[in-house]
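To keep things clear, I will list the structure first and then write my remarks on it.
The values are calculated or read from the model by the stated rules, or taken from the named source; none is laboratory data. Fair warning: this is a prediction, and the values are worked out from it, not measured in the lab. Here the Cβ positions follow ideal geometry from the backbone for every residue, glycine too, while neighbour counts run over all protein chains shown.
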Amino acid sequence: MNDQNLVKMSEIDKSFAGNRVLQNVNFSVQAGEVHALMGENGAGKSTLIKVLTGIHSRDGGTITVKGKDVIFSHPKEAEKQGIVVIHQELNIIPHLTVTENMFLGKELSIGKTGILRKREMQTQTLESLKRLGVENIPPNETAGNLSVGKQQMIEIARAISTNAEMIIMDEPTAALTDREITSLFKVIESLRKQGVSIVYISHRMEEIFQICDRITVLRDGQYIGTKPIKETSFEAIVKMMVGRDLGERFPERSSVIGDTLLEVKDLARDEWFEGINFQVKEGEILGVAGLMGAGRTEIMETIFGAAKKSKGQVLLQGRPLDVTHPRDSIRAGIGFITEDRKDEGLVLNLSIRENVALTNLKAVSCGGWVSNARERDLVDDLIKKLHVRTTGRDQEVKSLSGGNQQKVVIAKWLGIEPRLLILDEPTRGVDVGAKKEIYHIMNQLTEQGVAIIMVSSELPEILGVSDRIMVIHEGKMAKVFKRGEADQEKIMHAATGGE
Amino acid sequence: MKKKIVNNLSQLGPLIGLIIIVIILGFTSDSFFTMNNILNLLRQISINALIAFGMTFVILTGGIDLSVGSILAFGSALTAGMLASGMDPMLAVFIGLLAGLLMGAVNGLIITKGKVAPFIATLATMTIFRGATLVYTDGRPITGLSDSFSFEMIGKGYVFGVPFPVILMLIAFAVLFFILRNTIFGRQVYSVGGNEEASILSGIRADRVKIWVYSITGMLSVLAGIILTSRLNSAQPTAGTMYELDAIAAVVLGGTSLTGGRGWLTGTLIGALIIGVLDNGLNLLNVSSFYQQIVKGSVILLAVLLDRRSK
Amino acid sequence: MKKKIVNNLSQLGPLIGLIIIVIILGFTSDSFFTMNNILNLLRQISINALIAFGMTFVILTGGIDLSVGSILAFGSALTAGMLASGMDPMLAVFIGLLAGLLMGAVNGLIITKGKVAPFIATLATMTIFRGATLVYTDGRPITGLSDSFSFEMIGKGYVFGVPFPVILMLIAFAVLFFILRNTIFGRQVYSVGGNEEASILSGIRADRVKIWVYSITGMLSVLAGIILTSRLNSAQPTAGTMYELDAIAAVVLGGTSLTGGRGWLTGTLIGALIIGVLDNGLNLLNVSSFYQQIVKGSVILLAVLLDRRSK
Amino acid sequence: STESPGSSSDDESGDSDESIKIGMSISTLNNPFFVSLRDGAEAAAEEAGYEITTADAQDDSASQVSDIEDLIQQDIDVLLVNPTDSSAISSAIESANSADIPVITVDRTADEGEVVTHIASDNVEGGEMAGEYIAEQLEEEGDLVELEGISGASATRERGEGFHNIVDELDGMEVAAQQSADFDRSNGLNVMENILQSNNEIDAVFAHNDEMALGAVEALESNDLADEVVVVGFDATADARDAVSEGRMDATVAQQPELIGEEAIATAGQVVDGEEVDEFIPVELELITE
Ligand SMILES: Nc1ncnc2c1ncn2[C@@H]1O[C@H](COP(=O)(O)OP(=O)(O)OP(=O)(O)O)[C@@H](O)[C@H]1O
Ligand SMILES: Nc1ncnc2c1ncn2[C@@H]1O[C@H](COP(=O)(O)OP(=O)(O)OP(=O)(O)O)[C@@H](O)[C@H]1O
Ligand SMILES: [Mg+2]
Ligand SMILES: [Mg+2]
């Protein structure tokens, strides 16, 4: 390993419409290192990467690659210099096949004719997928039909197949479960051995300690510092990110568990899942674990009325809950925080105010007229309660950072004052501070007697907040653990189908 | 804060376009800025504006309605037929509007329950409703409408010197503006267009919202048709042909996005004014009809380029 | 696995619709299944099919082109004008096609560089090109074209008993089919329509792809216009009016999504056949023209409902 | 080759003992004039016991060619064509020629192809009649408005040409405004209103069809100018005749479409029976002024 910086960014400035997002940021990456880029939601991590690769133009500062000053005006130019990015937002073309996505923008053709070499591309796709340990993804499948996790694996496969010198991964594991993460880490390790640099952005602290060599922290668009991972600790990183001590990761639970609120009996839906039996009590948090594609989301959608069940019964306070539309569930006091905030959670073009009001239109209106005052009060209250970082309630949610978007989704469901709240991957892409706030809110709700079902692929989180844990394996219930009974290994064992 | 201003400026794009056109016409034609011409112009645009208001709702939900012209024709013919057979004018108008509502609802049902793309669904009903109009009228205009004062009033009347169609347009604008901005329904229109799936998961019955939106457009189209019928003292089977293009143009000129979820009714009014002012001005200037098309197309293009934004 | 079959079945939707229509017509009209009528029918659809092939590319990128009819008219007039002035027919045709390419490129440039929504951009150029045609022709048809055998051949000729326009249509289909399926450009068309931003991030010059797509459509429209001119022995200034609707209908009937990124050229051919067979069949059956519209709209609706899919 | 296969050897099936089968292709039925023409023809055909098939080209030359090809497929004995355009129709007529089907053109001529006879009244002549009538009413002095039809359409061209043949020769008469209103009544109203904003000294209006003329009448009436301005339309539709007899309109040029239709059927019968007919069968134009 040599000491030469592969990429060096100095005193980078960037503003969006007067809003300074990066101020004097320094960031350098050496050849063959795995470098973590950390910071709260909205700290400017993704923006820094986009400035580096020429998606955004910089307002000030210099960038050198292998000692030479560069100005990229298009990501393709960065790619030519060996810099490849796996973006935070999925860049899959849904109607194209896996192979077509893998070779997007760099199709193999017969000479310069532009005629595609389809067979060759398919073979290479299979190889790349095999290298990542996901040979179960069929190269001819339409990418849009795959789960988000598999789509993410395609993007990773695409990036590592380019022979890049530096691969930037912006939250690559947000949609992955442990098995995929493990094989991703193996690939990262072998890339490092080949001298490839990796910039790794993630909000999952465990991963940082597992694979990274050095860490750079940003806060509010400012450069805080760079440290070798060995010389730092969880608490120290959090302090650099947040600017203060955060204390315990998972707040103490102190709610009193009451009567059964929701009871699910022998629920089934076509080929998705069957034989689902469980209860949730008032004031209780039920964690739902499982591998990607186990069908957890489908179970929740069915309970919520967004999909039709084919068998079974759902009881709310002992009375059958017959829902044909999410509207019915909302009336019955059920909230559902969907896993995909962009497609299912938010109307990106609308403001925070309008998004939050969406589930609460009845409450903020009178006889069909929306009352501005009531709406303002409700929205401002929730923004404050959830510490949404924003320029105001009228900001378009599109321009919020990922974590803050997630908070807006939570806000809109808190507004309905639910009796039962279902959260599907609620902390996906959310920073440590915000995560804690979300756990705190969950606790507060349970103290008021709200029942919570939380689907999560992050085992520490499942273990940290749940009163009970239900594990789903291939559409069937594998096991239910009480708090304290479970550990990571037992859950993984059940989730992978072991007895 | 700054963003807000920029946002508002970009919303001003169409308005600036309109003002420039108006200034140029004011300089080149003596008659443009007379009170008479302005009222005349407003009356002329009222037809297109009413249809375009409905179209704004439809486009905000991410849809499109090509059948407005045919609905206009059928509604007019039906109303005229009832009038000619001696029915009470107000009752005839009411039934006509109801028919418009129903035709719109049919569009909405095909689109939501039949899951047919709005473009193709309303392209089909455009043909069907036109055919129905031709069958109903046997391809001839319906004349000999009643001499009822109230029916004549709709298209030809004045209130305090303002043409009645203009008043109808302004009332419709005010009501719809209010609905879009201040009611639950208005919110639902924006959110269904912005992200249908998220709206459904938030408990909004997207299908219902869409059916209503097409129904409203159907009714407004017939209202426009009734004004036309009253002004012409007859209903034409070919009335409203190509009106859909003018209405869509008004909406898009006004800055409403064809992908749904983003737009405003005021913009549509401005868009309708741009088109109306152009037609009026080109007539006043007696531009040869061949060149009129070139000028009209170019000005529309310039107005949109002023308001340059993608998709 | 199961999914794949379902997918293919849903792609078969329009084909099933076509087959049903053909069977019904075969039973109700004696003349439908004669060789003569089938060739006649294919020749009739060739015009719409050629335009619709281009429109398929445009719609796959998520755009739309309303100006095809006007481009057709201008290109025909230009070609006819050159022929009438005694130019070599093949050169005239070549220049005409080039003009079509350029008009399409203008559309593409306005849409990409001017960032104007395709609907409004091509609505404006539709008006402008039509005006230009009227100015160029002074509103009169251009006649007295050369008696050149090769030019007559284009619209009226036969090769081995197959009308020449049909051959042109099939060649265009084969070439475009290959481009869409087996070339980098074809991939780019799909990906730009599927997710423009992601395509750009992958290094695809989306603007270029779009400009090409509109250019191709412009050229195909003029090709259709030249066939028309040869068949009619004259170029009409009003030629091509409303052709955009038939072309879009063919594309959408064929199962291509108006939101872009999804569709196939074979579907468009089937869609054009459905429309052509309907027009031909309703004529053969002597359905009154008023009812024809009702029947045509309803059948199109049924064909799409067979292929029910959302957005 | 440009010879249609299978079109040369037709066995003569149209014997006179069977009922005569007539194919009629109409340019458009969106215009009451042609609806009347069709009605006249269909009534006459029914009376004579002929079988008649009508196709509506909706003012599109290409679809008219298709219509005619479709008609030819149906073994008709004689083809009546009302071309959308004189030049564009030639190839369709040639197709009929090569299928040995006699062709009669109605209202508009065909530039090429073999036509047995042409039955019509002349648009140019109608435009001249309107121009002469207006000149007479105004004593050859005054400002005129011309409301044109769809730009590029043949009726627009021919009627305008006839009108200008007269008024351009007269020094005292000037066409102050010449604008298209697309043959549509509501456009006629709007365009006339706009014209009145900048010209209030109008003496006469000539509209290329009655629809636009009736729209113009509405505009004049609401500006209290109806009595002072001479309005002349074209086609003599039922509406326009009523308006003329009520004194709201001054005149309309009648092409007597029913008569054209009747004449066409009668001639068709003669042609199929092998009788000789004249090359041109004129149907009188008539200026309706009361
Ligand atoms: N295109 C844009 N226009 C305006 N503001 C933007 C834009 N992109 C990002 N921002 C703003 O810049 C700031 C930094 O955003 P960025 O996406 O870089 O954060 P991040 O550190 O990647 O956060 P996360 O962890 O949530 O992904 C945020 O406040 C965001 O609102
Ligand atoms: N739109 C879709 N079309 C077809 N199959 C889908 C679609 N979405 C998901 N699937 C499939 O459904 C199964 C379950 O989906 P999903 O991944 O959402 O389950 P999950 O248990 O909620 O997992 P996680 O939330 O951890 O990703 C997977 O096999 C996935 O491939
Ligand atoms: Mg980010
Ligand atoms: Mg899930």
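Computed quantities for the displayed model
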read-out	value
Evaluation of residue B:174 against (1) surrounded by fewer than 24 Cβ atoms within 10 Å (Cβ to Cβ); (2) farther than 30 Å from residue D:223 by Cβ; (3) within 21 Å of the chain's Cα centre (by Cα) (one fails), failing number	(2)
Residues (outside any loop (DSSP other than H, G, I, E, B), touching a residue at least 40 places away in the same chain (Cβ under 8 Å) and either charged (D, E, K, R) or under 21 Å from residue D:41 (Cβ atoms) (or both)) located in the range D:98-118	D:104, D:106, D:117, D:118
Test set (1) over 28 Å from residue C:131 (Cβ atoms); (2) modelled with pLDDT of 90 or more - residue D:131 fails condition number	(1)
Check on residue C:218, out of contact with any Lys or Arg (no Cβ under 9 Å at 6 or more places or on another chain), surrounded by 24 or more Cβ atoms within 10 Å (Cβ to Cβ) and within 14 Å of chain A (Cβ to nearest Cβ)	no
Number of positions in the range B:191-247 that are under 20 Å from the mean Cα position of the chain (by Cα) and in contact (Cβ under 8 Å) with a residue 40 or more places away in the chain	37
Conditions (1) in contact with a strand residue (DSSP E or B) (Cβ under 6 Å, 6 or more places away or on another chain); (2) buried (at least 24 other Cβ atoms within 10 Å of the Cβ); number of the one not met by residue C:81	(2)
Count of residues meeting criterion [away from ligand 2 (no atom under 15 Å from the Cβ) and within 12 Å of chain C (Cβ to nearest Cβ)] in the range A:141-164	4
Of the criteria (1) part of a helix (DSSP H, G or I); (2) modelled with pLDDT under 90; (3) within 12 Å of chain C (Cβ to nearest Cβ), which one residue D:38 fails	(2)
Residue D:177 surrounded by fewer than 24 Cβ atoms within 10 Å (Cβ to Cβ) and within 8 Å of another protein chain (Cβ to nearest Cβ)	yes
In the range A:365-424, the residues that are within 16 Å of ligand 1 (Cβ to nearest atom) and polar (S, T, N, Q)	A:390, A:391, A:395, A:399, A:401, A:404, A:405, A:406
Entirely in the range C:57-166, the helices (runs of 4 or more DSSP H) that have 1 or more residues that are within 14 Å of chain B (Cβ to nearest Cβ) and acidic (Asp, Glu)	none
Subset of the range B:264-292 that is among the aliphatic types (A, V, I, L, M) and farther than 17 Å from residue B:19 by Cβ - its residue that is farthest from the other protein chains (Cβ to nearest Cβ)	B:265
Search result, residues across the range A:277-334 that are in a helix (DSSP H, G or I), more than 16 Å from ligand 4 (Cβ to nearest atom) and touching a residue at least 60 places away in the same chain (Cβ under 8 Å)	A:330
Residue in the range A:66-82 that is more than 16 Å from ligand 2 (Cβ to nearest atom), of a type in the set (A, V, I, L, M, F, W, C), over 22 Å from residue A:158 (Cα atoms) and more than 12 Å from chain C (Cβ to nearest Cβ) present	yes
Among the residues listed as D:90, D:95, D:66, D:86, the single one being touching a residue at least 24 places away in the same chain (Cβ under 8 Å), more than 28 Å from residue D:236 (Cα to Cα) and within 13 Å of chain C (Cβ to nearest Cβ)	D:95
Test: residue D:277 is out of contact with any Pro (no Cβ under 9 Å at 6 or more places or on another chain) and under 20 Å from residue D:178 (Cβ atoms)	no
Answer from A:391, A:359 - the residue that is closer than 13 Å to residue A:411 by Cα and among the polar types (S, T, N, Q)	A:359
Positions within the range A:165-204 being within 16 Å of ligand 3 (Cβ to nearest atom), away from chain C (no Cβ under 14 Å) and not basic (Lys, Arg), in sequence order	A:169, A:171, A:172, A:173, A:174, A:175, A:199, A:200, A:201, A:202, A:203
Lone qualifier among D:158, D:128, D:148 - being over 14 Å from the mean Cα position of the chain (by Cα) and free of Cβ contacts under 8 Å to residues at least 40 places away in the same chain	D:128
Residue in the range B:293-302 that is more than 7 Å from every other protein chain (Cβ to nearest Cβ) and either of a type outside the set (A, V, I, L, M) or buried (at least 24 other Cβ atoms within 10 Å of the Cβ) (or both) present	no
Counted residues, the range A:1-31 - those being in contact with a strand residue (DSSP E or B) (Cβ under 8 Å, 6 or more places away or on another chain) and under 11 Å from residue A:221 (Cβ atoms)	10
Cβ-Cβ under 8 Å pairs, at least 6 apart or on other chains, the range A:408-429 side more than 16 Å from ligand 3 (Cβ to nearest atom), far side charged (D, E, K, R) and assigned to a loop (DSSP other than H, G, I, E, B)	A:419/A:282; A:424/A:339; A:425/A:339
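Quick grid of which residues meet (1) on the phi > 0 side of the Ramachandran plot; (2) within 13 Å of chain B (Cβ to nearest Cβ); (3) in contact (Cβ under 8 Å) with a residue 12 or more places away in the chain:
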{"site": "A:351", "(1), (2), (3)": "no, yes, yes"}
{"site": "A:359", "(1), (2), (3)": "no, yes, yes"}
{"site": "A:363", "(1), (2), (3)": "no, yes, yes"}
{"site": "A:380", "(1), (2), (3)": "no, no, yes"}
{"site": "A:387", "(1), (2), (3)": "yes, no, yes"}
{"site": "A:399", "(1), (2), (3)": "no, yes, yes"}
